[in-house]
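Asker: Shown below is the structure under consideration.
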Amino acid sequence: MPCYNAEAFVKEAIFSMLNQTYQDLEILICDDASTDSTKAIIDSFNDHRIRKFYHSQNLGYLLTCNELFQAVKGDFVTFQDADDYSEPGRIAACIEQFETDPDLGSIS
């Protein structure tokens, strides 16, 4: 979850990921040198599934996403922006589809 000046939305975005019915996940969050209280909001979360990253200068959305993508430890990756909300069954539905269809996501 790349974040830049997202204080109005980031708390709800993080909660929506923490409240997924599928709980075996990691949530990578990067504050991209926000000038509002985004970093403080991110820091207020203390959950073992969250990995936090911080930039001292703004690198922009794409570089931040690429950095987070490189840090992923899991087998499946999905993106969520700091101003997004995910319904509780979002990740479970995605995992179910990957488990049902072994060709899903394969490169031909």
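The values are calculated or read from the model by the stated rules, or taken from the named source; none is laboratory data. Keep in mind that this is a model prediction, so the values were computed, not measured. Heads up, the Cβs are rebuilt from the backbone with ideal geometry, glycines too, and the neighbour counts pull from every protein chain shown. Side chains included, ligands, DNA and RNA excluded: accessible areas come from the protein's heavy atoms. Shrake-Rupley method; radii C 1.70, N 1.55, O 1.52, S 1.80 Å.
Asker: Where does helix 90-100 land angle-wise versus the long Cα axis of the chain, in degrees 0 to 90, nearest 10?
Answerer: In the chain, helix 90-100 runs at an angle near 30 degrees to the longest axis.
Asker: Among the trypsin sites (Lys or Arg not before Pro) within the stretch 1-87, which fall in a DSSP loop and have no more than 16 other Cβ atoms within 10 Å of their own Cβ?
Answerer: ARG49, LYS73
Asker: What list of ³J(HN,Hα) couplings, whole Hz, do you get for the stretch 7-24 from phi and the Karplus terms 6.51, -1.76, 1.60, once you set θ to phi - 60° and write x for glycine and proline?
Answerer: Values, residue by residue: 4, 6, 10, 5, 4, 5, 4, 5, 4, 5, 7, 5, 9, 5, 5, 8, 9, 7 Hz.
Asker: Another question about this same structure. Collect residues whose amide H, placed 1.01 Å from N in the peptide plane, falls under 5 Å from the amide H of ARG49; neighbours closer than 5 in sequence don't count.
Answerer: So ARG49 has HN proximity to no qualifying residue.
Asker: What do you get for the angle between helix 61-71 and the principal long axis of the chain? Use alpha-carbon atoms, 0 to 90 degrees, nearest ten.
Answerer: In the chain, helix 61-71 runs at an angle near 60 degrees to the longest axis.
Asker: Now for a different question. I need to check one value: relative contact order of the chain, counting alpha carbon pairs closer than 8 Å and at least 6 residues apart, in percent.
Answerer: Relative contact order comes out at 39 percent.
Asker: Which option, [x] 14.6; [y] 15.4; [z] 16.5, is the value of Kirkwood radius over Cα pairs in Å that was calculated from these coordinates?
Answerer: [x]
Asker: Tell me the per residue accessible area of the chain using a 1.4 Å probe; a whole number in Å² is fine.
Answerer: I get 64 Å² per residue for the chain.
Asker: How many percent of the accessible area of the chain is carbon or sulfur, using a 1.4 Å probe?
Answerer: 52 percent
Asker: Among the aspartates and glutamates, which have Cα under 20 Å from the Cα of LYS39 when same-chain residues fewer than 8 positions away are ignored?
Answerer: Those aspartates and glutamates meeting the cut-off are GLU7, GLU12, GLU26, ASP31, ASP47, GLU67, ASP81, ASP83, ASP84.
Asker: Additional query: Suppose each label sits 7 Å from its Cα in the direction of the beta carbon; what would the ASP81-ARG51 distance come out to in nanometres?
Answerer: 2.4 nm
Asker: Note down the nm distance, to one decimal, between modelled labels 7 Å out along Cα→Cβ at VAL72 and at LEU18.
Answerer: Label at VAL72, label at LEU18, 2.3 nm between them.
Asker: Next up: Give, in nm to one decimal, the length gained when the segment between PHE98 and ALA40 is fully stretched (0.36 nm per residue of separation minus the Cα-Cα distance).
Answerer: 17.3 nm
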